1. Hey, how many Å between the Cα centroid of the range 454-487 and the Cα centroid of the range 713-747?
2. So for the pair Arg340, Leu372, with labels modelled 7 Å out along Cα→Cβ, what separation do we get in nm?
3. If we sort 478-484, 384-390, 396-402 on the protection proxy, mean other Cβ atoms within 10 Å, highest first, what's the order?
4. Just for the chain, what percent of DSSP beta bridges are antiparallel, to the closest 5?
5. I need the shape label for the range 535-723. Rule: rounded when a/c is under 1.5, else prolate if a/b > b/c, else oblate, with a, b, c from the alpha carbon gyration tensor.
6. Under a Cβ-Cβ cut-off of 11 Å, what is the net charge of the residues other than Asp649 that fall near it, where Lys and Arg count +1 and Asp and Glu count -1?
7. Mind checking the range 431-493 for GluC sites (Glu not before Pro) that DSSP puts in a loop (not H, G, I, E or B) and that have at most 13 other Cβ atoms within 10 Å?
8. How big is the dipole moment of the chain about its Cα centre under a simple scheme where the beta carbon of each Lys and Arg is +1, that of each Asp and Glu is -1, and everything else is neutral? Debye, nearest 20, please.
Amino acid sequence: MPRFSIVVPHTEDATYLRDVLDSVLTQVFTDLELILAGSAPGSDAAALIDEYAQKDSRLVRIEVPGNTPAEGDLSVQRDHGAARAVGDYLLLFDSDVLLVPGALEALDDRLTELGSPDLLLFDHERRDWLARVTPSLDGELLAELEAVGDGSFTAAAVPSAVRVAPLLWNRVVRRDFHTRHFHPEQAEAATALPNLVLAERALLAARSVGALDAICTQRLRRRTVGRWMEIVLNEGLLTVRGYRQLLESFATPQGRPAGTEDELRALVSALYDEMFLSALATLQRSLEAPDSSRRRFLVAAAESLRAARPEGWTRPAEADGLRAAALEQGSYLRFRTVERAGTTLVKGRKQLRLRRHNTARRAIKAIYRANLRRPVEKGLVAYQAYWNRQIACNPEAIYRKAKELAPGMRGVWVLNKEAAALAPKGVRTVVAGSRAYWELMARAEFLVTNASWTGDIVKRPEQTYIQTHHGTPLKKMGLDQRDYPAATMNFGRMLDSIDQWDVSLSSNRHSTQVWERVYPSGYTTLESGYPRNDVYQHATAEDVARIRAELGIEPGQKAILYAPTHRDYRKDFVPPLDLEAFCAGLGDEYVVLVRAHYFYGANKRLQLQSRRGVLRDVSAHPSVEELALASDVLLADYSSVMFDYANLDRPIVVHAPDWDVYKESRGVYLDLVSGDPGDTPGVVATDVEGLVEAFRSGAWDSERSTKLRAAFRERFCQFDDGRAAERVVRRVFLGEKADIPFIPLDERTPAPRPSVARSDLDESAKAHA
C-alpha cells in the first residue's frame, strides 16, 4: 500500500488541473496514489486526467455519478475519493492546490520521526494570477508547535494549535484515523459540514498531532472581476458559522474532544477567539463592499457570536476595542462611526507623520549642509557594501587591511537598521539616512563602496571616492545596457554618480576595458586585483577543514557550491536547475551547497530541501569566500562568482539552460558556452541529465576541463595575487607611490583543495604523533 493517498475532487474545469497533476506526479518521493474524483465525463478535465493516467499508473479517476456540485463545494467528490484510498496517510486537496517540490519527502520524514501521529499540520502559501506569492500567517506558530515536548501533542493540551489556518489542505491525516471519525456511514452528515469544521474536528479528535514548519502546499487564486467583496463576505460568514457549528457540537458526546474540564475551557476559548477575530478580519477586508452587504454580514456574525459565546470569555488583546464592542452589540451604525473616526484619525496621524518626516528631512539636510562647511576629518573612512545590506566584499577586505597597515585610520560602516543590529561588537556603524550618516558623508576623507550611496551625496574635492565594484562583468553593464530590455536604470543619474568616482578598482584587463567604456568619467583605474579574493591565496589547510566542519560537510564528501545569479526577467528566486533531480542523480558522495542571490530573501523551499538533507541552503552564510574555500567544485551559471572562484584553481562546471534568453535580454561580453579557451571555464551542460553525467563520468575534473580553466585563469585572474587590499591601502589611503609587483600566476599558491587539505592535515598529525 502507498505511503500517501492524495485526493483531488474536480469539476469539468481544467484550468489549473495540469499544474496540480504535475506538482504531485513529479515529486521525488514516489510512493503515492493520486485519486481524482469528479462527475464530469467527457469534459476537458476528464480527458486530461485520462491522458495522465495512461502514462502513470499511480493516478486513478473515479466517476461520482448523479452529482452536480454547488459552486465551490466538492465535498461529495472528496468523500468518494477518500473512501477509495488505500494509503497510510490522506492529503485532501482542492482542485487548485499544488504540492511544492520535495513536500512529500519532508512530510514522510516528519511523520516517521514522530512515530506516525494521527495528524500533521504544515505550512502553506497562496499565489495569485500575477504570480504574487502570499505566505500564510502560520509559520511562527508552527515553529512553536514543532518544538512542543517530544513533538507530539493534542489540541486539548496545546490549544494554540487551533490557530493554525483551518484548511483541509494544510494537514495530513492517517487514513485509519480518518475512516474511524469520518466513515462512509457518516458521509451524508459530514458532507453538510463546512471544510473548516471538518479540518478542526480532525485536529480536535486526534490523539497525537505533529507540526512541520515548512511550506508544502500552494493555493492558486483565481481572478474574480467585480465579485471579490461579495466572495470575501460570503466566505467570512461561512467561517463564522462553521466555528459556531463546531462550538455547539461540544455539547454532544460525539463532538466533545477528550481532555480535562480546564483543557476544554481553554480550547473553547481559543476557538471562540478565532471565530471573533475572523469576523473582524472579514469586516476589515471588505471595506470596498456596499454598506448594505457589510451590514448583513455584521448582523449575522453578531448573532452567531452571541449564540456561541462561552461563559467568562474575554476579548483577545489583538481585537480592536471599539470595533470589537460594536461587533458584539451587532450595531453596524456604531461600527461605521468607529471606522470613520478611525480613518480620520489615521489620516491625521499620517499627515502629522508626513509633516514630521519633512521637517526631519529639512533638518537633516541643514545638518548636512552645515557639515559640508566644516573641514574633512583626516583618516575617517566610510565603508558600504551592497546598498547597506552587510559588512562584506571588497570594502570589508580593505577595512581589515587598513586596520593592519594604517591603525590610525577610523573606519565606519554604513548599514541599514537590520544589518546594523547584527554588526559585530567593536565595529563602528551608522544607519543609512540618519543624522550620523549625513555627518559621516560630509566629513569622511575616504568613501569606499562596491555599489552606490544612499541619497544625494555631494562629494567634496578633499574627499576620495573609491568604487571597488563587486564582480567581473559577464553581462552588459552601465551604458552598454541601453539597448537591452532588462535595462531599467536612469542613465543620467548613473553618469552623475560616476562623475564623483576618484578611483575604480579592477581585477583584470577585461574589467578595466569594460569599466572605462561603460562608466566614462575622469577617475583613475587602479589595477589592484579584488581585495575580497586575497583570502584565496592566504587560506590554509586548517582554514579549509574548519569551514567544512562548521558547514557539516562529511570527510570524503565532495562539496558542490551552486550560486546562481539574478535573472532580470524573474521577480523571485526560481532555481534554473531542478535541484531535487540533480541531487538525487549525484548520490551520497556529493553535497550541494546552494546560495541564492542576495537580491532575494529567505526561500522556504530551499529551507525545506535543506531540512530534509537533499542539499544545504547556505544563502544566509555571511561569506561567499568561505563557501568557496569549503567546496571542491563550483557549479556556475552566469554569476561573476566564477571569475573569483577561478583564483582557487578548482574545477568549474557551467549550467546554462537559458543562455540564449539571458544573452538576448541582458547582453554579454563573452560566449560562456562556446567551449573556446578563455571564454569557457570548464564543462558546460544545459540540463540535469548532462550535469549528472558530467559529475558521474568525472568530466568535471578531467584533463580538458583543467586546460579550459587554465586559459580562463590567465584571462581573468591577472591581478588577484593576494595583495589587492594592500595595494589599495598603500596607494590610496597612505599615498605611497611605489608599485607592489604582481606575483605571476604560476607562482601563486592558492588554498589547497579539500582533498589535499585533508591529506596535509593527516600527514601533519602523523608527524606530531
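Taken together, the values in this text are just the output of simple stated rules run on the coordinates, not laboratory data. It should be emphasised that the depicted structure is a prediction, and the values quoted were computed from it without experimental measurement. All Cβ positions, glycine included, derive from the backbone under ideal geometry; neighbour counts span all protein chains shown.
1. The distance from the Cα centre of the range 454-487 to that of the range 713-747 comes to 22 Å.
2. Each label point is offset 7 Å from its Cα along the Cβ direction, giving 4.9 nm.
3. My ranking of the peptides, most packed first, is 396-402, 384-390, 478-484.
4. Around 15 percent of the beta bridges assigned by DSSP in the chain are antiparallel ones.
5. Cα axes put the range 535-723 in the rounded bin.
6. +4
7. Qualifying residues, ordered by number: Glu462.
8. Result for the chain is approximately 4180 debye, rounded to the nearest 20.
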